[in-house]
Amino acid sequence: MRAYKIAFWLVWGVWLVFCLATLDYNGPFFDEGIYITAGQRTLEGHGITDGYLAWFGGSLLWPVGAALGYNTAGLVGARALAVLTAAVAFLALARSTENLFGPGASFWAALTFALSGPFLAFARLAVYDGLALAGIAVSFWAVTKLHKSDDRMWLAISAVSFMLGTIAKYPMALMVLPILGILLCLRQQKAKIDIPIFAFISAAIGLAFYLPAREQLGQFLSWRLQNKPSFGVLPKTIGFAIFYLSAAPACLAVAGWLVARQRRWMGGVLLMSLAIWPAYHLALEDPVGKEKHLVFGFLFAYPLVGLAMSALWERRKGRPWLHRAAALAIAAALAALGLLQLSHSDPAWPDARPAADYLTANVQPGDRLLIDESWPYTMYLYTEGRIQSPWDVVDAYRMSQGQSEIDLCAYDWFVNSQGSYRWSEAILSGVAQCGTFEQVFDTTDIVVGLGADLDYVRYPVQIVIWRNSVQE
């Protein structure tokens, strides 16, 4: 048992060092730019008046933390804070597995989870998913502690942690299904009291959050229903990406469910958790965030993966050395797969930093900018004091909603970054017809993406900046 615990801390430490050492893997992701900028505005007292809660899928809790990390050490600082939230989730997963299946399963769950490409990518991204995962993971761990101690203090901790995760990112409320399912399996008759207590605490916290901000929160649902970007991604592409990222842990989780025996019902709950987010994305044909959302299902499935690997490692029948060699081979294969997945996810968007550096060096306060995928640039422009407000930048979405108050030819800068939110042909031709915009900068970055033929391909993305010579 002691050897397993030492081995776990070694795995956790190596994982943490790897994540912290590779934080500068790419420029800011679109959502990172949004949350850091919103957090900075919130620290300055503008979070509510800017109206973020009317369209954010979570509270301003993570944006504020991300802004504090950014103010300390730039983008790497914000990402380091995200790694710490993922580290909490990692610890909670290991402790939950130990409470359910013992230290051997806990170690193997930790090792295989550390090798997961989606989790490695997830952990190093400064978005609110990390805080949500930490809240859900601690809630899961507290339920297993409740089972071992029969102390309902742990039930309260579970409910509070669950609501922290849900407030961080609202859709994660779906993870109440496995949490209550596990509670029911472990506590059985006692769950008749536990579940109402859990619901009461959760509802009280939810109301305390909702009531002060109900005006904007009431607008969120209608905004979300009206804004479902598909980016032209086909359903078969969504399905293939889900299969590619989750097939290996799903197979091992099934093996763990078979090993569970006396705990088949609880194992079934853990296993079915893998289906929640694939079902969501496939039913809605929604490609947004699927790679991150799958990790929430992994959180509950990897205890079964650990159980399967532990059973293989400790098997005494036949030739034990052969079983251990098989376990090591599986771990090596998972490591290779994880690194391959990471090589696809890290360069999945163009690096905005060269273009952002040019803009921050040349844009003057009061300038007005058109940037199609604006937030990675807005983050730098605003935090460096080159614009007075994030709303000095008009992007493709705001333009499509008629939120531009001046003529196209009156803007000082025009940026075409060719990201997911692209300029319409009407905007491109309109800017060209002005005849006053001169190209002043361009850069090209290589991006990796999943094509319509279900193969990951590398392709160049050119970012071009034009300056309006009339406004100089």
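No lab work stands behind these numbers, since they all come straight from the coordinates. Only a predicted model underlies this, so the values are computations on that prediction, with no experimental measurement involved. Backbone-built Cβ (ideal geometry, glycine too); neighbour counts: all protein chains shown.
Bin all alpha-carbon pair distances of the range 353-471 at 5 Å intervals from 0 and give each bin's fraction as a whole percent. Distribution as computed: 2, 11, 22, 24, 20, 11, 6, 4, 1, 0 percent. Taking 0.36 nm per residue of sequence separation and removing the Cα-Cα distance, the F200/V14 pair yields an extension gain of 63.0 nm.
Over the range 420-472, Cα pairs under 8 Å with separation of 6+ residues give a relative contact order of 37 percent.
So how strong a dipole does the chain carry about its Cα centre when Lys and Arg Cβ are +1 and Asp and Glu Cβ are -1, to the nearest 20 debye?
Details: 34 positive and 34 negative charges, 671 e Å.
The dipole magnitude comes to about 3220 debye.
Label-to-label distance for R315 and V76 is 4.5 nm, based on points extended 7 Å past Cα in the beta-carbon direction. Axis angle, to the nearest 10 degrees, between helix 425-434 and the longest C-alpha principal axis of the chain: 30 degrees.
Projected label points at L225 and L68, each 7 Å from Cα along the beta carbon direction, are separated by 3.7 nanometres.
Once the Cα atoms are used to define both axes, helix 290-313 deviates from the longest principal axis of the chain by about 30 degrees. Farthest toward the positive end of the dipole of the chain, out of L408, F122, A301, is the Cα of A301, where the dipole comes from beta carbon charges about the Cα centre.
Under Stokes-Einstein, with the Kirkwood radius over Cα pairs as Rh, the value for the range 119-180 at 37 °C and 0.692 mPa s is 279 µm²/s. Determine, from the Cβ-Cβ distance of E44 and A275 and an R0 of 41 Å, the FRET efficiency 1/(1 + (r/R0)^6), rounded to the nearest 0.05. So the FRET efficiency works out to roughly 0.45. Classification of the range 60-172 by its C-alpha gyration tensor yields an oblate form. The axis ratio a/c (a ≥ b ≥ c) is 1.5 or more, and b/c is at least a/b. Stretching S429 away from A410 to a fully extended chain increases their span by 5.3 nm, per 0.36 nm per residue minus the current alpha-carbon distance. Taking label positions 7 Å along the Cα-Cβ direction at both Q189 and Y456, the computed distance is 5.3 nm, reported to one decimal.
When Lys and Arg each count +1 and Asp and Glu each count -1, what net charge do the other residues less than 15 Å away from A80, Cβ to Cβ, add up to? Here the count lands on 0.
With the cut-off at under 15 Å, measuring from each backbone N in the range 236-258 to a point 7 Å along the Cα-to-Cβ line of L282 picks out 236-248, 250-251. Against the main long axis of the alpha-carbon atoms of the chain, helix 191-210 sits at an angle near 20°.
As a ratio to 2.2 N^0.38 Å, the alpha-carbon radius of gyration computed for the range 401-455 takes the value 1.47.
Could you please report the charge total around A21, scoring K, R as +1 and D, E as -1 over all other residues with beta-carbon less than 13 angstrom from its beta-carbon? Don't skip to the answer; put the middle values down first.
Numbers: positive: R79, R124; negative: D24.
Every neighbour counted, the sum reads +1.
Taking a ≥ b ≥ c as the square roots of the eigenvalues of the alpha-carbon gyration tensor, the range 133-283 is classed oblate because a/c is 1.5 or more while a/b is no larger than b/c. Loop-only check: which GluC sites (Glu not before Pro) in the range 389-456 are DSSP coil with at most 13 other Cβ within 10 angstrom? Sites meeting the loop and neighbour criteria: E405.
Residue separation times 0.36 nm, minus the C-alpha to C-alpha distance between L211 and I6: what's the value?
69.1 nm
Give the shape of the range 1-106 as rounded, prolate or oblate, defined through the alpha-carbon gyration tensor: a ≥ b ≥ c are the square roots of its eigenvalues, a/c under 1.5 means rounded, and otherwise the shape is prolate if a/b is larger than b/c and oblate if not. Prolate, because a/c is 1.5 or more and a/b exceeds b/c.
When E384, E98 are ordered from fewest to most other Cβ atoms inside 10 Å of their Cβ, what list results?
Numbers: E384 14, E98 25.
Listing E384, E98 from fewest to most nearby Cβ atoms yields E384, E98.
Among 28-40, 412-424, 336-348, sorting by the average number of other beta carbon atoms lying within 10 angstrom of each residue, highest first, gives 28-40, 412-424, 336-348.
Suppose only helical runs count, i.e. DSSP H with n ≥ 4. What mean residue ellipticity at 222 nm does that imply for the chain under -39500 (n - 2.57) per run, divided by all residues and rounded to the nearest 500 deg cm²/dmol?
Numbers: 19 runs with 304 residues, N = 472.
It comes out at -21500 deg cm²/dmol, rounded to the nearest 500.
Relative to one another, the C-alpha centroids of the range 417-472 and the range 1-73 are positioned 28 Å apart.
Can you give the net charge of the other residues whose Cβ lies under 15 Å from the Cβ of Y302, counting K and R as +1 and D and E as -1? Display every interim value, and only then the final one.
Working: positive: R95; negative: E98.
Here the count lands on 0.
Simple point charges give the picture: +1 on the Cβ of Lys and Arg, -1 on the Cβ of Asp and Glu, and for the range 353-471 a dipole about the Cα centre of about 120 debye. Here L43, L23 are placed in order of increasing Cβ neighbour count within 10 Å, fewest first, which gives L43, L23.
Sorting C409, C251, C185, C19 on the 10 Å Cβ count, fewest up front, what's the list? The partial results should precede the final answer.
Working: C409 15, C251 12, C185 19, C19 22.
Listing C409, C251, C185, C19 from fewest to most nearby Cβ atoms yields C251, C409, C185, C19.
Within a straight-line Cα-Cα reach of under 20 Å, K192 can be paired with the following lysines, leaving aside sequence neighbours fewer than 8 residues apart in one chain: K145, K148. Beta bridges assigned by DSSP with both partners in the chain are antiparallel in approximately 75 percent of cases. Mean projected area of the convex hull spanned by the Cα atoms of the chain, taken over all viewing directions: 23.2 nm². Beyond 19 Å in Cα-Cα separation lie the following of the pairs K228/K292; K169/K290; K5/K292; K236/K290; K5/K317: K5/K292; K5/K317.
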